[in-house]
Structure formats: C-alpha cells, structure tokens
Amino acid sequence: MATLPASTQEMTPGADTSAADRIMRMFGRFIGAGYVFYVLVSIPAIVQTASITRPWWTPVALVLFFGPGLALAVVAFVGSIRAITMLAVACMVGYLVGLATWPLGWTGASFVESEPVWFSFFPALAALGAAITTTPARVFLYLAVVTVGAQTVNYTVREPVDRSPLVPDVVYGFGFGIIFVGAAVMAARTGRLLDRTRASSYAQAARSATLEARSVERRRFDGLIHDGVMSTLLAASRPDAGDAVARQARTTLAELDALRDDAGSADDFSGDDVLAHLRAAATAVDGSIPMTVHASDAAVTRYPAEAIRTVGAALAEAVRNSVRHAGEARREVEVTVAADEVHVVVRDDGIGFDTDSVPAHRLGVRVSIVDRMARLSGGSAELRSAPGAGTRVDLWWRR
C-alpha cells in the first residue's frame with residue numbers, strides 16, 4: 001500500500017470558503033493595497049493641504065481616511081471574513097466622516113496653482129468597500145455623495161482664477177469611479193449567485209443520495225421476499241413438505257424481523273453488528289476488498305444505528321470512488337471500533353489526484369462523504385490525496 005507524502009493536501013468539512021467569501025477577501029486585499037499606494041503618493045498633497053487647515057485636522061483626517069484601509073491591507077490576508085467586512089464598512093464610513101470634518105478644519109485660505117486636496121484622489125476606493133458590503137443602489141448613491149463632496153472641496157479651496165468647472169469634474173470623477181465600483185458590485189453578486197447555485201446542487205445531490213438509499217432498501221426487501229417468502233411458500237405447497245419447510249419459514253421470519261429492526265432509527269448496534277454492517281457496505285461495492293479490524297471494548301458497547309449507517313454509506317462511497325477513479329490499484333479498509341469511537345480508513349495506491357482541482361460539479365466526495373459525515377453528530381471526514389501517491393479517506397464517529 002502506498003504511503004502518502006507529508007505534502008499531501010487535505011479536505012475537511014469547513015476547510016474551504018464560499019465563493020462570496022473568496023471574492024470578499026480578494027477585494028479586501030485590492031482595497032488595502034490601494035490605500036497603501038495612495039498614502040505614499042499623497043504625501044506632498046497632505047503637506048500642502050496642512051497649510052490651510054487647523055493643526056488638529058490633518059492627524060484626525062489621516063486616521064479617518066487611511067486608518068481602516070491600512071488595517072484592511074493586513075486583515076485581508078490573515079483575518080476572518082467578518083473582520084474584513086467590518087473594515088470595508090469602516091473605510092466607507094471613515095471617508096464620509098473625514099469629509100464632514102473638512103468645514104471644521106479648514107481655515108478658509110485658498111490654494112494657488114496647486115494640486116487637488118489629497119482625499120479627492122480616492123473616493124472610488126472607499127466606495128469599493130461599500131460595493132462588497134451593501135446593495136448596488138446604496139453603493140452608487142455613496143459614490144455620488146463622496147465624489148460631489150470631494151470635488152466641491154477642490155472647487156472651494158482654489159482661487160477663482162484657478163477653478164475648473166465643478167460639474168464636469170464631478171461627472172468625470174463619478175464616471176471614472178463607477179468603472180471599478182461596478183466591477184466590484186458584479187463580482188460580489190456573482191459570488192453570491194454561485195454560492196446559491198452550489199448549495200442548490202448539494203441539496204439536490206443529497207436528495208438523490210436519500211432516494212438511492214431507499215432504493216437499496218427496497219431492492220433488499222424485494223430480494224428477501226423473492227428468496228425467502230416466495231421460496232418458503234412454494235416449498236410449503238409441495239406434498240412432501242416437512243421439517244425443512246418449518247426451519248426455512250423460521251429463518252425467513254427472522255430475516256424479516258432483522259430487516260424491520262435495521263430500518264428503525266431508534267435501535268442500537270452491537271460491536272459485532274457494527275463490524276458486520278461496515279464489512280457489508282464495503283464488499284457490496286468491491287467484493288474482494290480486504291478489511292482489517294481492530295476492536296477494543298466493543299463487545300459490550302452499543303452504538304447509535306444512525307451513526308453506523310451514515311459511516312457505512314460514506315465508506316461505500318469512498319470505495320466506489322476508488323474503484324471508479326483510482327485505476328489499477330490495491331485497496332484496503334481498516335476499521336477501528338472502540339467504546340467511544342468508530343474510525344474507518346479507506347486506502348488505495350492508485351493514481352491519486354489534486355484535491356484543489358476537483359470541479360465544483362463533482363459532488364461524490366463533497367456530498368456523499370464529507371458533508372454526509374459533517375451532518376452526523378460526532379462525525380467528521382478527511383480526504384488526503386496527491387497525484388501519483390494514492391488516496392486515503394478517514395471517517396470518524398465519536399460519541
């Protein structure tokens with residue numbers, strides 16, 4: 001059996017993020033990088049603007065305009081999605097508040113042949129924070145408000161001979177910003193749509209898995225009816241029926257009782273039942289697959305039937321995936337049954353695969369193994385694989 005390398009990638013429940021979250025993180029990094037850029041290129045304009053403002057205003061404005069964005073530049077790489085969202089909102093609020101403090105900090109002096117005030121360089125950057133946190137209508141309203149405010153400040157701080165028409169400046173600033181803001185709005189919307197579509201696909205696959213399980217139970221019942229009930233009735237109809245028919249009838253009734261008991265969700269499994277169920281789940285897919293068993297204190301322990309059935313279904317799917325995709329490979333199953341835990345390992349030394357390259361529409365691993373175990377109380381699953389290094393699937397149920 002192949003040994004998996006230490007670099008093997010893992011897939012665990014919750015290890016990935018939604019498309020909307022990935023887009024949120026990507027734009028958080030983009031916005032943060034933009035703030036780092038603008039704080040560097042704005043230094044000359046900041047010094048110039050300080051000459052016409054009160055001493056307290058520039059430090060306060062720097063914190064309001066740049067503080068959340070610079071924090072976002074770090075948090076977008078190492079922080080949670082919730083922290084990124086809060087800082088994106090802080091970027092848009094900080095810009096508005098900073099803009100509102102301008103009348104309080106301005107001394108009334110004017111510029112002559114100067115550059116625009118420094119905070120008028122990046123109103124669209126603040127609007128990107130709104131684009132990934134609120135509705136499109138509010139985003140475009142916010143962009144219009146901050147663009148008008150910044151350009152109005154630019155207009156009022158210049159000498160009349162240096163002023164350019166206000167309306168064209170506002171239109172240009174809004175048009176320039178709407179390109180990037182519109183792209184961010186569409187990206188965020190696409191991410192949410194992709195998440196809804198994926199969730200719908202998972203739900204449909206789960207329903208299909210449930211129907212398949214019912215179909216398996218129905219086929220099992222039909223087989224018992226044909227092989228047990230019908231054969232017993234036919235044997236009983238013969239003139240020479242004797243004790244053999246009675247024994248066959250008792251055996252068939254016992255099998256019907258076992259089938260009924262197995263269908264009841266409130267029943268428990270003994271340790272022997274657990275091993276028998278898991279062995280049947282694996283060999284139903286690959287009759288030749290070897291199984292190694294480690295049992296500790298299992299003989300006197302009862303296990304929830306729902307948990308064991310779920311582990312068995314995930315085990316069967318893991319073996320089925322190996323048979324379908326691993327190529328010519330050796331497969332084995334290892335089962336450990338302890339008083340408080342059931343651990344199943346499915347290994348093969350087949351071709352393996354890159355877990356990050358599995359298409360989103362391939363739901364076998366995600367729905368039938370990982371999500372199935374994640375929905376089970378005490379359940380978890382881990383998949384490890386690498387190209388050329390085989391595949392290993394671990395299934396756990398812990399009391």
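Quick look at the values:
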| quantity | calculated |
| --- | --- |
| D169 within 30 Å of W56 (Cβ to Cβ), without any contact (Cβ under 8 Å) to a residue 24 or more places away in the chain and out of contact with any Lys or Arg (no Cβ under 6 Å at 6 or more places or on another chain) | yes |
| Count of residues meeting criterion [open to solvent by 20 Å² or more (accessible area, probe 1.4 Å) and touching a Leu at 6+ places or on another chain (Cβ under 7 Å)] in the range 368-385 | 1 |
| Qualifying residues in the range 264-285 (those that are of a type outside the set (G, A, S) and at pLDDT below 80) - the one least open to solvent (accessible area, probe 1.4 Å) | V285 |
| Near pairs, Cβ below 6 angstrom, 6+ apart or cross-chain, from the range 40-54 (free of Cβ contacts under 8 Å to residues at least 40 places away in the same chain) to any residue that is hydroxyl-bearing (S, T, Y) and open to solvent by less than 40 Å² (accessible area, probe 1.4 Å) | A50/T58 |
| Of residues in the range 150-181 being closer than 16 Å to M92 by Cα and open to solvent by less than 20 Å² (accessible area, probe 1.4 Å), the one farthest from the chain's Cα centre (by Cα) | A150 |
| Any hit, the range 162-169, residues being of a type in the set (D, E), in a helix (DSSP H, G or I) and under 30 Å from I43 (Cβ atoms) | yes |
| Tabulated pairs, the range 69-91, first under 21 Å from V39 (Cα atoms), second among the hydroxyl-bearing types (S, T, Y) and part of a helix (DSSP H, G or I), C-beta under 6 angstrom, 6+ apart or interchain | G69/Y35; L70/Y35 |
| Unmet criterion (only one of (1) at pLDDT 90 or above; (2) open to solvent by 70 Å² or more (accessible area, probe 1.4 Å)) for T3 | (1) |
| Matching residues in the range 272-288 - criterion: being touching a residue at least 60 places away in the same chain (Cβ under 8 Å), within 32 Å of the chain's Cα centre (by Cα) and more than 10 Å from A316 (Cα to Cα) | V274 |
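The values are calculated or read from the model by the stated rules, or taken from the named source; none is laboratory data. Predicted model only: the values in this text are computed from it and were never measured. Backbone-built Cβ (ideal geometry, glycine too); neighbour counts: all protein chains shown. Note: accessible area is taken over every heavy atom of the protein model, side chains too, but ligands, DNA and RNA are not part of it. Shrake-Rupley method; radii C 1.70, N 1.55, O 1.52, S 1.80 Å.
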